[in-house]
Amino acid sequence: MGSFRTGSIFSSSILSATSTTLIFTQLYTLISTFIDHFYFSVMPAIRKPLRDRCNVQLKVVTATPTGKPLESPSYNGAPTRIRRPRKSVPDVRVPYPNPVRIHAPAEPRLYPVNPRTAQGLRSLHKLVPYLYIAFHDGNRLPQSLVADDGTAFTHIIKITHETEQRVAGTVEVKSDPKRGLHSLVLVVPEVAPHRRGRRRVKNCCERNTSVLTETQILAARDFISLALPYYLEAHPRDDIPLASADVARLLITAPVGDGAASDVLSVAVCYLAFASEESAETVLDYVNNEEDVSTTWKDVIAEGEGGVDLLNKVAASGE
């Protein structure tokens with residue numbers, strides 16, 4: 001009884017081991033079949049080159065053939081250009097009339113060769129180098145005014161009487177680039193002659209105080225200073241070229257009439273006092289005692305508030 005049981009148990013164990021082995025064998029077979037049918041069928045096949053599939057052989061010859069000599073191309077001249085026919089362009093010409101030449105007379109020279117230095121001027125006098133004083137007739141000046149050496153004036157201070165267009169006290173600056181002329185116009189009232197404040201010259205009483213305003217005299221002083229910057233006796237300038245001293249010519253002029261000499265000389269004396277740093281009395285003494293100065297320009301400015309004192313005040317202003 002006991003042996004039967006032992007054999008049964010042993011037989012059962014062998015049966016169980018055999019079943020397990022069979023199961024594992026079937027499972028392995030199943031997995032192998034799955035891998036063969038599914039895994040390897042999915043993997044791409046190794047593709048061959050097109051040359052191998054088409055059975056084409058490429059042969060590259062690198063050796064130079066010895067049977068045929070090499071020849072370099074030779075050119076027997078310049079390369080031939082291909083000339084294409086050009087399109088004919090029509091000749092279109094616009095007719096123009098022949099130019100008409102007009103032989104117009106040449107413009108007159110601005111300054112004559114040998115003009116009269118006193119043309120349109122009276123009592124022309126060179127007070128100092130490059131500075132002239134004179135009278136003129138009426139409100140207009142001639143087109144050509146020259147100094148005693150024949151050189152044209154470049155700067156003119158013109159004292160003129162008031163009109164409807166210009167009131168007394170006006171200061172006007174003009175410039176004419178074509179002629180190279182710069183002008184300063186000072187408008188003064190036309191004073192009726194009277195006996196008070198006069199000096200007797202040749203049985204005639206004349207005004208010896210200027211009717212120019214302080215502003216007009218100051219403008220004239222600065223105008224001359226800009227025109228003649230090199231003429232400073234008290235302060236000579238070395239940076240001014242010597243040739244420039246022969247360029248400028250300045251004229252102070254007023255219409256002929258009562259007190260005109262006082263107006264003209266007041267402007268000149270004020271500038272000379274300013275440039276030389278001397279008093280107006282010293283400058284007037286030089287003018288009155290100079291032999292070359294005409295009597296027309298002597299003793300024309302009185303002392304006092306409206307004469308010498310005014311000139312000293314304007315000459316010292318701005319210093």
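The values are calculated or read from the model by the stated rules, or taken from the named source; none is laboratory data. All values reported here derive from a predicted model rather than from experimental measurement. A quick note on method: Cβ atoms are made from the backbone with ideal geometry, for glycine too, and the neighbour counts reach across all protein chains shown.
Tally the residues that are assigned to a helix (DSSP H, G or I) and under 14 Å from residue 131 (Cα atoms), restricting the search to the range 253-272. Write out each step before concluding.
Going residue by residue through the range 253-272, those that are assigned to a helix (DSSP H, G or I) are 260-272.
Still in the running and under 14 Å from residue 131 (Cα atoms): 264-272.
The total comes to 9.
Confirm whether residue 291 is more than 46 Å from the chain's Cα centre (by Cα) and farther than 22 Å from residue 185 by Cα.
So residue 291 passes the test.
How about the range 171-192: which of its residues are of a type in the set (Ser, Thr, Tyr) and loosely packed, with under 15 Cβ neighbours inside 10 Å?
Correct list: 175 only.
Assuming residue 58 fulfils every condition listed in (1) surrounded by 10 or more Cβ atoms within 10 Å (Cβ to Cβ); (2) of a type in the set (A, V, I, L, M, F, W, C); (3) modelled with pLDDT of 65 or more apart from one, which condition is it?
Of (1) surrounded by 10 or more Cβ atoms within 10 Å (Cβ to Cβ); (2) of a type in the set (A, V, I, L, M, F, W, C); (3) modelled with pLDDT of 65 or more, only one is false for residue 58: (1).
Looking at this structure, is residue 262 surrounded by 13 or more Cβ atoms within 10 Å (Cβ to Cβ), at pLDDT below 90 and under 21 Å from residue 214 (Cβ atoms)?
When the stated conditions are applied, residue 262 does not pass them.
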